[in-house]
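J.: Quick one: this structure, given as structure tokens, is what I'll be asking you about.
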Amino acid sequence: MELLRAVSARGSLRLPRSLVCQSCRSQAVTVTSRPRQLRALRPASRLFATTTTTSSEPTTTPSEPTTTSSEPTTTPSEPSKPPKPYYITTPIFYVNAAPHIGHMHSMVLADVLKRWQVLNGKTAFLCTGTDEHGMKVQQAAAAKGVPPKQLCDENAAAFEDLARLANIDYDRFIRTTDPDHIDAVKHFWFLLQEKGLIYESLREGWYSVSDECFYPESTVEKRMDPFTGEVFWASSETGSKVEWIEEKNYHFRMTALKDSLRQFYAKNPEWILPARGMNQVIDWVNKNLEDLSISRPADRLHWGIRVPGDDSQTVYVWVDALINYITKAGFPTWTPGREHEGGWPANVHVVGKDILRFHGVYWPALLMAVDLPLPQKIISHAHWTMGQRKMSKSSGNGVSPFLAIDRWGVDTMRFYLMHDGGLANDADYSNHSIATRYRKMLQGGLGGLASRAMRCRLWDLRKIISSTGTGPPLTRQNPQREAVLRHEETLRALAPSVAQSMSVPDVKVALKTIMQVVDDTHKLMTDTAPWDGMKHDDGSIERAAAEETIFIVAETLRIVGILLLPFMPGKAKELLDGLRVQKWRRDFRFAKPRTDFAYASSWRPMAPPLEKLFPPQAVED
Ligand code: MSP
């Protein structure tokens, strides 16, 4: 009690050595115990969006960052707190099976969100990794006749390979077998215990190894396997087989947090995206919340972290797994007063809808229990299906992301997953759709526009950008010029509109908004036919209108290239390289017309790199 009073008075607590868990004793541990308010999500993109929607033209273009080593002129004062980095996570993946497209989807979505922040000048961290303990992995290893750690090493390597291949810009690939994570879990357990929120009792109930959780009696039903005729008990929610278990284990008094959870949801109705997910979580808490079993007897589950102080029990795999998010952020050895520097609280947890309850209920309850701030947003995406059945290892219908990347290319796959994948609704995976998107939107759409603007020998892009681009603003003198003017307005509104979608975040709408402008630009070219105007004399209105069209088309390519960097980092870079856009001019500040007149230097029509931007696919179906 004395201790708790000290906590509320000072906000942070230096624990007596005897109360610090063994794994952390070697380090000076301070636990921040002050409850913190959840900060409203206010990504930088919003700020940029506000500044970019002003109607007045900027008088200066953004300048090149300078790296001077000059001394500060002001007298040193207390060092100001560095801002919290934007922190985004993917779920950590079970290593009992090889990765499939659904896993790649979670990774890419998180990566797009991270890269978007970087494009906006923010420091951002992305954490991904593998969930290696638990019954599922233990059984998979036993079935293969290999030690669990060996299975983990092999499959964790496959997930990390996927992260690299999918061009995921991750800052840490965490494994729950990592020593710092094991320390974090033990310390977290210690805090829960210290708060008096752990008790021992008999647990009877339906457990699903596949989902690694107990299901309430009211949510299980009898099912029959249509192929074998076997009748079994299953979760009505996921269809996974459940088995009746009776055992003594430790429980987390989650029901003590029921009111706090409900108040939190009421105050933060947009905490989970989409709204349907938020409602499901609230409904579940209202109807089903019970204390959570947080350990399993070690004689049944040996593959996991032993409960501190009780070797006969193993920590429940979901408690172990969720803590990975704070391990990466430096818990529990983060510096007092500077905990935020590691990124916590996370700005966004990306999760699939099947694991929403763990993130929307258990995780906030656990964090509240130890007075840690809650993540700011949870995005729960829908599933990829094959023939309308959820893609999964157990259904045997998982598509290998390695084969898909090999066949279609990494950027095409990233594009397809973000363009067709759903937040609220499942999407059916099909090679035919990938081929169609590729042919129409990438090869014909973006690639076609690049070659229309850049391959024509009738004009010199560099000259047009330096003369037309810097000349007086367009006036409404003829229909072509009016069309160009309208297009420039569309282009000016593009980045703010994409920023608005990304602040939701709704990456699908953001991507579609970008690609719509590509279509509009094709239409502009066809309607204004600049190749005709370019045949007129210098100084003629036709010639001027044609040059203005070409200028705005080049601007579209440049801006679209910048905005596509988070989605297709490789192809967007190729496009910008082909346009000779300088590296430092490839961020959000330059994603509006007339902010860069330096590109297309040393221009040659048919610049070789762009030839290969979106080559024909050998086989389409
Ligand atoms: N290990 C847990 C997560 C712990 S996070 C603290 C887990 N792992 S998983 O490997 O089964 O799933 C990882 C992610 O992949 C989840 O977000 C899940 O929703 C996602 N997907 C698995 N199958 C999927 C599809 N068919 N489609 C889209 N994503 C799906 O759960």
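J.: I need two numbers for region 324-419: Rg to one decimal and Dmax as a whole number, Cα atoms only, in Å.
T.: 17.7, 52
J.: Let me ask something else. Would you mind checking which residues have amide H under 5 Å from residue 174's amide H? H placed 1.01 Å from N; only 5 or more apart, or other chain.
T.: Counting only residues 5 or more places away or on other chains, the set is 128, 129, 130.
J.: Which whole number of Å³ per residue matches the convex hull of the alpha-carbon atoms in region 471-550?
T.: Enclosed volume per residue, from the Cα hull, is 81 Å³.
J.: Could you list the square roots of 5 times each eigenvalue of the Cα gyration tensor of region 110-160, that is, the equivalent ellipsoid semi-axes, sorted largest first and rounded to whole Å?
T.: Working from the Cα gyration tensor, I get semi-axes of 35, 9, 7 Å.
J.: From the P(r) of region 134-180, can you give the percent of Cα pairs sitting at distances over 18 Å?
T.: It works out to 38 percent of all Cα pairs.
J.: Considering the dipole of region 180-226 built from charges on the beta carbon (Lys and Arg +1, Asp and Glu -1) around the Cα centre, which of 190, 218, 207 is farthest to its positive end?
T.: Result: 218, furthest along the dipole toward the positive end.
J.: Still on this structure: Go from 0 up to the bin containing the longest alpha carbon distance in region 526-599, width 5 Å each, and give me the % of pairs per bin.
T.: It works out to 3, 16, 24, 17, 14, 13, 9, 3, 1, in whole percents.
J.: Set the bar at 30 Å for Cα to Cα. Now go through 287/390; 149/222; 390/440 and name every pair that lies beyond it.
T.: Beyond 30 Å between Cα atoms: 149/222.
J.: Let me ask something else. Calculate, in nm to one decimal, what residue 527 and residue 612 gain on full extension: separation in residues at 0.36 nm each, minus their alpha carbon distance.
T.: Full-extension gain reported as 27.9 nm.
J.: How long are the semi-axes of the equivalent ellipsoid of region 338-492, taking √(5λ) for every eigenvalue λ of the Cα gyration tensor, in whole Å from largest down?
T.: Semi-axes from the Cα gyration tensor: 44, 27, 14 Å.
J.: Another question about this same structure. With the cut-off at 28 Å, tell me which of the pairs 353/612; 84/393; 136/195; 592/612; 84/571; 81/512 have Cα atoms farther apart than that.
T.: In this structure, 353/612; 84/393; 136/195; 84/571; 81/512 lie more than 28 Å apart at Cα.
J.: Please list, in chain and number order, the residues 5+ apart from residue 313 or on another chain whose amide H is under 5 Å from its amide H, with Hs placed from the backbone.
T.: 298, 307
J.: Quick one: which residues, 5 or more positions from residue 398 or on another chain, have an amide H under 5 Å from its amide H? H modelled 1.01 Å from N in the peptide plane, none for Pro or chain starts.
T.: 392
J.: At R0 = 45 Å, how high is the FRET efficiency between residue 485 and residue 394 if r is their beta carbon distance? Nearest 0.05 is fine.
T.: After rounding to 0.05, the efficiency reads 0.20.
J.: Can you tell me the alpha carbon radius of gyration of region 480-621 divided by the globular rule-of-thumb value 2.2 N^0.38 Å?
T.: Normalised by 2.2 N^0.38 Å, the Cα Rg of region 480-621 equals 1.10.
J.: Also, I was wondering about something else. Tell me, in nm to one decimal, what length is gained between residue 283 and residue 456 on full extension, where the rule is 0.36 nm per residue of separation less the Cα-Cα distance?
T.: Fully extending the segment from residue 283 to residue 456 adds 56.2 nm.
J.: Hull surface divided by four, with the convex hull built on the Cα atoms of region 132-259: how many nm²?
T.: 11.9
Coordinate-derived values only; no laboratory data. Bear in mind that the values here come from a model prediction, so they are computed numbers and not experimental data. When we count neighbours, we look across all protein chains shown, and the Cβ atoms used for this are built from the backbone with ideal geometry, even at glycine.
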